[in-house]
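**Student:** Sharing a structure with you now.
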Amino acid sequence: MPKFAVAARTALSDTGLRRDLRAAAATLRQRREAAAGELGDWQELREAGRAVRDETLLNLDGHLERLEKSVTEAGGAVHWAADAAEAARLVTGLVRATGHGEVVTAAAPAAREIGLHDALTEAGVTVHPTDLAELVARLGDDPRPAARPAPPAFHRDRARLRELFARTLPDAPPGLPDDPAALAAAARAHVRRRLLSARVAVCGADFMVADTGTLVLLESEGNGRTAVTVADTLICVAGIDAVVPTWDDLEVLLQLLPRSATGDRMSPAVSTWTGVTPGDGPRELHLVLLDNGRTTVLADEVGRAALRCVRCSACSHVCPVYERTGDEPYGPRGGGPIGAVLTPLVEGVDGAAHASLPYASTLCGACADVCPVKIDIPELLVHLRGAVVESRRRRPVPTPELLMMRSAAWTMGEQGRYEAALRSGARWARLLSRGGRIRRLPGLLGKWTEARDLPAPPVRSFRAWWRARARRGGQR
């Protein structure tokens, strides 16, 4: 995983991607504002959601034990995975035990987090994604399907989708137009054939009710509901932070999430299932509970607020950085402001790539304003930037950046040194400028001008102007 600035170069150079991201984000912002504005108690509802999530996290061990007991009593089996590799091994083993060589996947962000598609493929299992967003990503050989809920084909317009479907779907009708209804019909027909023949399905769970062992799946397409109904064996992969204590707590979050995610009053398809029922639905239910660094985040008194996240992506839709880069530069745990927080919280900030993520933000605060469970993401980003500084201080060999900052501190520590450096720097900067702008600074300073131009400094500095003014009798 490269540094954020390096990983973002491809997206920044793709004008079509940036156009599509900007248009989609603007539409989702408008829909969210309209949906939230319908409720007179929206802020009180957000506060209730924050309280539910905080109470859950503070007593997470007890809620998870109760969830395991409830699922087991309802006829399901619970498996615990400490990390992504263990979770992938568990699911691969469960699929192999069925004797089938194909599996369909639906609405499973946690499965994408652990790289399950690749793990199953390497084990000789054919994977058929049924979510439109992931189907498009796989058909288009995108490097990493989004690890968070997002509008289908967020990064492609309908002309790109038509070309992709016509080229890759074996059952696409000839002369497929780029009409949205026709594109949806082609994708639906392809996915439906896969679902109706499925014997093993892997899905996710947006929430898990500890009291009853009920798994809850929210989606917009209906493929998840079909997958959890028709398969003989259902494997659900979910993070341990998705648990909620009671149905009353779930009721609060079900009002917040769809309005924040897509501007809907309610998710188009809300599926709930508890254990197994003879003659109805899957004959086997396996729940894989994934830690994968979540308990590490829980131990951080400041950082644990990030685990309140309900995966609505509202923070991404208002983020000026995400609007220009999309998911890819943030890494496998998801994009946007919450991705810039979660990845370094889980993975640490010793590596250059993870240390760069807390700086992939303008700290404008828009993400905190729209978060349905009131995560103060700018505070977490500042907290992580402090952790980056401390990590660098512990290193035996100072980094070039740290040496440069120490040099700058020494220069600014005395007025004479500062003014001499200012005069010399201004002269060199004017020599580097073209048309009143500096396109590229030399050395390490060139990192700053990779994504921006620098105005050339004026011939006379403000300090020099002020002294001349004072000599002419101007007031101080």
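**Student:** Quick check: the distance between the Cα centres of the stretch 300-358 and the stretch 259-283, to the nearest angstrom?
**Tutor:** After rounding, the separation between the Cα centres reads 27 Å.
**Student:** If you don't mind, there's one more thing I want to ask. Short version: ³J(HN,Hα) in whole Hz for each residue of the stretch 232-237, in order, from phi by Karplus 6.51 cos²θ - 1.76 cosθ + 1.60 (θ = phi - 60°), x for Gly and Pro, what are they?
**Tutor:** Going residue by residue, I get 6, 10, 10, 10, 10, 10 Hz, with x marking Gly and Pro.
**Student:** From the helices alone, meaning DSSP H stretches of at least four residues, give me the mean residue ellipticity at 222 nm for the chain, per-run term -39500 (n - 2.57), in deg cm²/dmol to the nearest 500.
**Tutor:** Helices in the chain give a 222 nm mean residue ellipticity of -15000 deg cm²/dmol.
**Student:** Based on the inverse mean of 1/r over its pairs of different Cα atoms, what is the Kirkwood hydrodynamic radius of the stretch 203-276, in Å? Intermediate values should be presented prior to the final figure.
**Tutor:** Numbers: mean 1/r = 0.0784 Å⁻¹.
One over the average 1/r among Cα pairs gives 12.7 Å for the stretch 203-276.
**Student:** Taking a cut-off of 23 Å between Cα atoms, list the lysines near K447, but don't count ones fewer than 8 places away on the same chain.
**Tutor:** K3
**Student:** Quick one: compute a quarter of the convex hull surface over the Cα atoms of the chain and quote it in nm². Can you show the working numbers first?
**Tutor:** Details: hull surface 114.3 nm².
Taking the Cα atoms of the chain, their convex hull projects to 28.6 nm² on average.
**Student:** Can you send over the carbon and sulfur percentage of the accessible area for the chain, probe radius 1.4 Å, protein chains only?
**Tutor:** Numbers: 12460 of 22930 Å².
Result for the chain: 54 percent of the exposed heavy-atom area is carbon or sulfur.
**Student:** Hey, another quick one. What is the sum of charges around R440, taking Lys and Arg as +1, Asp and Glu as -1, for the other residues whose C-beta is under 14 Å from the C-beta of R440?
**Tutor:** Charge balance in the 14 Å sphere: +3.
**Student:** What angle do you read, to the nearest 10 degrees and between 0 and 90, between the alpha-carbon axis of helix 377-393 and the longest principal axis of the chain?
**Tutor:** Its long axis makes an angle of about 70 degrees.
**Student:** Another one. Using all Cα-Cα distances in the stretch 328-408, what percent lands in each 5 angstrom bin from 0 up to the longest?
**Tutor:** Over the stretch 328-408, the share of Cα pairs per 5 Å bin runs 3, 16, 24, 21, 17, 11, 5, 2, 1 percent.
**Student:** How big, in percent, is the set of alpha carbon pairs in the stretch 277-350 lying more than 16 Å apart? Can you show the working numbers first?
**Tutor:** Details: 1577 of 2701 pairs.
Counting every Cα pair in the stretch 277-350, those more than 16 Å apart make up 58 percent.
**Student:** Using the alpha-carbon atoms, what tilt in degrees (0 to 90, nearest 10) does helix 462-471 show relative to the longest principal axis of the chain?
**Tutor:** The helix 462-471 is inclined about 30 degrees to the chain.
**Student:** What number comes out for accessible area per residue over the stretch 141-300 if the probe is 1.4 Å? Units Å², please. Write down the numbers at each step before the final one.
**Tutor:** Values: 6620 Å² over 160 residues.
About 41 Å² of surface per residue is accessible.
**Student:** If R0 is 41 Å, what FRET efficiency do you get for A464 and V6 from their C-beta distance, rounded to 0.05? Before the final figure, lay out the partial values.
**Tutor:** Values: r = 39 Å, r/R0 = 0.96.
For A464 and V6, the calculated efficiency is 0.55.
**Student:** Quick one: the Cα spread of the stretch 14-120 along its three principal axes, in angstroms, biggest first?
**Tutor:** 49, 43, 22
**Student:** So if R0 is 30 Å, what FRET efficiency would E73 and E122 give, r being the distance between their Cβ atoms, rounded to the nearest 0.05?
**Tutor:** Working: r = 35 Å, r/R0 = 1.18.
That gives a FRET efficiency of 0.25.
**Student:** Follow-up question, since we're still on this one. On a 0 to 90° scale, report how tilted helix 180-196 is relative to the longest principal axis of the chain, with both axes built from alpha carbons and the result rounded to the nearest 10.
**Tutor:** 50
**Student:** For the chain, give me every cysteine whose Cβ has no other Cys Cβ within less than 4.7 Å, ordered by residue number.
**Tutor:** C203, C236, C309, C312, C319, C364, C371 - these cysteines have no disulfide-compatible partner (Cβ-Cβ under 4.7 Å) in the chain.
**Student:** Separate question: For the stretch 403-476, restrict the atom set to alpha-carbon positions and state the Rg and Dmax in Å.
**Tutor:** Looking at the stretch 403-476, its Cα Rg and Dmax stand at 14.8, 44 Å.
**Student:** Sort 373-381, 336-344 by packing, meaning the average of other beta carbons within 10 Å per residue, with the highest value first.
**Tutor:** So the order, starting with the most tightly packed, is 336-344, 373-381.
**Student:** Pop a pseudo-label 7 angstrom from the Cα along the beta-carbon direction at both R192 and T272 and give the gap in nm to one decimal.
**Tutor:** 2.9
**Student:** Largest first, how would D249, D171, D41 line up by accessible area (1.4 Å probe)?
**Tutor:** Values: D249 35, D171 55, D41 75 Å².
Order by accessible area, largest first: D41, D171, D249.
**Student:** Another question about this same structure. Given 10 Å bins starting at zero, what is the percent of C-alpha pairs of the stretch 159-261 in each, up to the one with the largest pair distance?
**Tutor:** Result, from short to long distances: 13, 32, 29, 20, 6, 0 percent.
**Student:** Rounded to the nearest Å, what's the spacing between the alpha carbon centres of the stretch 81-107 and the stretch 187-231? Just the number, please.
**Tutor:** 15
The values are calculated or read from the model by the stated rules, or taken from the named source; none is laboratory data. Quick caveat: nothing in here was measured; it's all calculated off a predicted structure. Please note: Cβ atoms are built from the backbone with ideal geometry, for glycine as well, and neighbour counts cover all protein chains shown. Heavy atoms of the whole protein, side chains included, go into the accessibility calculation; ligands, DNA and RNA do not. Shrake-Rupley method; radii C 1.70, N 1.55, O 1.52, S 1.80 Å.
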